[in-house]
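Only the coordinates and a few stated rules stand behind these numbers; no lab work does. These numbers come from a predicted model, not from an experiment. Heads up, the Cβs are rebuilt from the backbone with ideal geometry, glycines too, and the neighbour counts pull from every protein chain shown.
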Amino acid sequence: MTKDPDAITDTVTEAELRANHDKLNHDVDPDYVIKLIGMNKWYGDFHVLRDINLNVHKGERIVICGPSGSGKSTMIRCINRLEEHQTGQIIVDGVELTNDLKNIDAVRREVGMCFQHFNLFPHLTILENCVLAPMWVRKEPRKQAEERAMAYLERVKIPEQANKYPGQLSGGQQQRVAIARSLCMEPKIMLFDEPTSALDPEMIKEVLDTMVQLAEEGMTMLCVTHEMGFAKTVADRVIFMAAGQIIEENEPHEFFNNPQEARTQEFLSQIIGH
Amino acid sequence: MMGKYVEKEALPPPVSTSGPIAWVRDNLFNSPLSTILSLLTIYLLWNIIPPIFSWAFFDANFAGDNVDACTGTGACWVFIKVRLNFFIYGFYAEAERWRVDLSFLLLAIAVVPQFFDKFPYKMWLGVASVTLLPLIVGTLLIGGVLGLPPVETHQWGGLMLTLVLSYVGIVAALPFGVILALGRRSEMPTVRMVCVAFIELWRGVPLISVLFMASVMLPLFLPDGWDFQKLLRALIGITMFQSAYMAEVIRGGLQAIPKGQVEAAAALGLGYWRSMGLIVLPQALKLVIPGIVNTFIALFKDTTLVLIIGLLDILATVQSSIVDPAWRGVAAEGYVFAAFCFWVFCFGMSKYSQALERKLHTGHKR
């Protein structure tokens, strides 16, 4: 991928920086569904995301990895505004994320998200979890919403659990419900924030299978995960982050077999050693 | 070579010694100390319970219509019987008391089905009992419309006044409390500050002084002609006071809901109000049902304080009857009766909350 953003160093002037951003912004490739341009974020004084530049094509599958605390989750959480960025631009499906609530709503309608801890609504049944947003956000009639919910539950292979409560399901089942719940809003982009990290080893596969199936259907996906097997088989591109920056990005084969940066090599040797 | 794994058969648990005698042996006489304590307790109960029963029932007087009928050594329930109407209706005009009875009936129709799991239209009945019911009963009791002669609120009293105060207090304090609790957790500094100030102000003063302010001082500050009834002022005072407590109970529940719930709701496109109304509040309120009911019960009993601003609730009607020279030495009977009335309603609320908790328990059930 383009190394242009990385070429920006401290020596460039403000004007050059601006021009570069404008160029990126105006060369809108209609294929880009997500563009992060010079995005920075701070938690108080802590500079957690540093000059992040990332373009994502429609249908592209991206795996983001890196040590804990490197800002991977924070970055994808910025894409649907669960976290607010302070400088730079985030443009999702042609809509720029600003403080404008209309834009935030528009982006969230197009972007689904799965969390490490599933975050199903424990007081609602599986089916109610799935129809809630379509009925209240998209004003769909219950019947139509339920039909679609059942179709997606079928796809994640747990239609028979529809009338149970989340607390009665295993972790793997809960995560698959969470995926179905997001899909019920028919998003163009799916974000996965460590979807298998809280699961028992026996349940990781069923969730990964669901994600692979989704990838094969052409969904645009950004996954923060430590499942390198998933990255190798599914990803179009692997992004390595450390200390709030994108250190390296490449297609999976090159990334794993021929990492360019020392930090990447160190990280890969750590996780593959086990 | 593959091992051959044979699943062991599931066996029933061992038969434990059961039956009442085993229970007594295991629980009351399982050690020397516990034997001594059990015997001591039985001795104390033997000395306390029978005298109470003989006072309340066996030696009590039930028949008659004045103090002279009370000849036994037990309770003089004649007093309660003769004054019962006063305890229930206060000074409500006698010819109009059917309106109070009808109100009691409506309240029962609205509330009793809530105790039964299978009753249809329970939700609508619940909604009606917090919206329609206060309006209908209010119109019925106040009168002045539909050919009903008006009954001044200073004539209201007894159990009926207690129920009016606590029902309005409960129905109004819960939504106020929810709004205050949400406001206190708001990200908008002004909203948060206003809510914190409101809660801390009302929580920091005794209810007695709130009632005094409402009844004595408020009229001094209001312009002429703005005076409204003492009952309404007491109602507003009680509602404000209890909603501050309610807000803190509910805030406890809100804080117990993981942040992930709000994030999941936001990621699905639900805005603040929907995320609160559909996701956070249902879970938070369920968690703090015991605290909410605790506040309701406290509110119910605190209504007795309206006595000091001259409203005659049930306790006040009992107290004013006790000092009647025609009835001497019936204080115990009066207070026992008042206590019993309070206990019935508080116990009912407690039972209802337990049933509600069981019914709503879905989150952690495996």
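Structure shown: which of A:Lys205/A:Lys232; B:Lys230/B:Lys351; A:Lys41/A:Lys72; A:Lys41/A:Lys102 lie over 24 Å apart, alpha-carbon to alpha-carbon? Listed pairs above 24 Å: B:Lys230/B:Lys351.
Dividing the mean sequence gap of close Cα pairs (under 8 Å, 6+ apart) by how many residues chain B holds gives a relative contact order of 17 percent.
Using only C-alpha atoms and all pairs of different ones, pull out the Kirkwood radius for the protein assembly as shown in Å with one decimal.
So the Kirkwood estimate lands at 30.7 Å.
For the segment B:256-265, counting C-beta atoms of other chains within 10 Å of every residue's C-beta and taking the mean gives 5.
Checking the Cα-Cα distances for A:Lys164/B:Lys4; A:Lys35/A:Lys157; A:Lys143/A:Lys188 against a 29 Å cut-off, the pairs over it are A:Lys164/B:Lys4; A:Lys35/A:Lys157. Taking only the C-alpha atoms of segment B:24-119, the Rg (one decimal) and the largest Cα-Cα distance, Dmax (whole number), read 22.7, 66 Å. When only alpha carbons of segment B:201-346 are considered, Rg and Dmax amount to 21.1, 73 Å.
Counting DSSP beta bridges in chain A, what percent are antiparallel, to the nearest 5? Bridges in chain A that DSSP calls antiparallel: roughly 55 percent. Model label sites at A:Asn258 and B:Tyr335, defined 7 Å from Cα along the beta-carbon direction, differ in position by 9.4 nm. Helical runs (DSSP H, four residues minimum) scored at -39500 (n - 2.57) apiece and divided by the length of chain B put the mean residue ellipticity at 222 nm at -20500 deg cm²/dmol.
For the pair A:Asp105 and B:Thr131, a Förster radius of 35 Å applied to the C-beta separation gives a FRET efficiency near 0.65, rounded to the nearest 0.05. Annotation: Cα Rg of chain B relative to the compact-globule expectation 2.2 N^0.38 Å equals 1.29. With semi-axes defined as the square roots of five times the eigenvalues of the C-alpha gyration tensor, the equivalent ellipsoid of chain A measures 33, 23, 16 Å, largest first. What is the local net charge at B:Ser166, summed over the other residues whose Cβ is closer than 15 Å to its Cβ (Lys, Arg +1; Asp, Glu -1)? After counting each charged neighbour, the total is -1. Taken one residue at a time, the phi angles of segment A:140-153 give Karplus couplings (6.51, -1.76, 1.60, θ = phi - 60°) of 7, x, 3, 4, 5, 5, 5, 4, 5, 4, 5, 4, 6, 5 Hz. Gly and Pro are set to x. Using just its DSSP H runs of length 4 or more, each adding -39500 (n - 2.57), chain A gives a mean residue ellipticity at 222 nm of -12000 deg cm²/dmol after division by all residues. Model label sites at A:Glu186 and B:Ala93, defined 7 Å from Cα along the beta-carbon direction, differ in position by 6.5 nm. Across all Cα atoms of segment B:99-150, the radius of gyration (one decimal) and Dmax (whole number) stand at 12.6, 40 Å.
Semi-axes of the equivalent ellipsoid of segment A:141-274: what are they in whole Å, largest first, if each equals the square root of 5 times a C-alpha gyration tensor eigenvalue? They are 33, 16, 12 Å, listed from largest to smallest. For the peptide B:273-281, the mean number of other protein chain Cβ atoms found within 10 angstrom of a residue's Cβ is 2.
Eigen-decomposition of the gyration tensor built on the alpha-carbon atoms of segment B:16-58 gives equivalent ellipsoid semi-axes of 28, 14, 4 angstrom, largest listed first. Here segment B:118-205 was treated as a single set of alpha-carbon atoms; its pair distances binned every 5 Å from 0 give 3, 11, 14, 15, 13, 13, 14, 9, 5, 1, 0 percent. DSSP assigns beta bridges within the protein assembly as shown; of those with both partners inside it, close to 50 percent run antiparallel.
For segment A:138-208, the spherically averaged projection of the C-alpha convex hull amounts to 5.3 nm². The local environment of A:Gly59, defined by Cβ-Cβ distances under 9 Å, has a net charge of -1 under the rule Lys, Arg +1 and Asp, Glu -1. The mean number of partner chain beta-carbon atoms within 10 angstrom of a residue's beta-carbon across peptide A:123-134 is 3. Each Lys or Arg adds one and each Asp or Glu takes one away; over the other residues whose Cβ falls under 15 Å from the Cβ of B:Gly183, this sums to +2. When cysteine pairs in chain B are screened for C-beta atoms closer than 4.7 angstrom, the residues that find no partner are B:Cys195, B:Cys341, B:Cys346.
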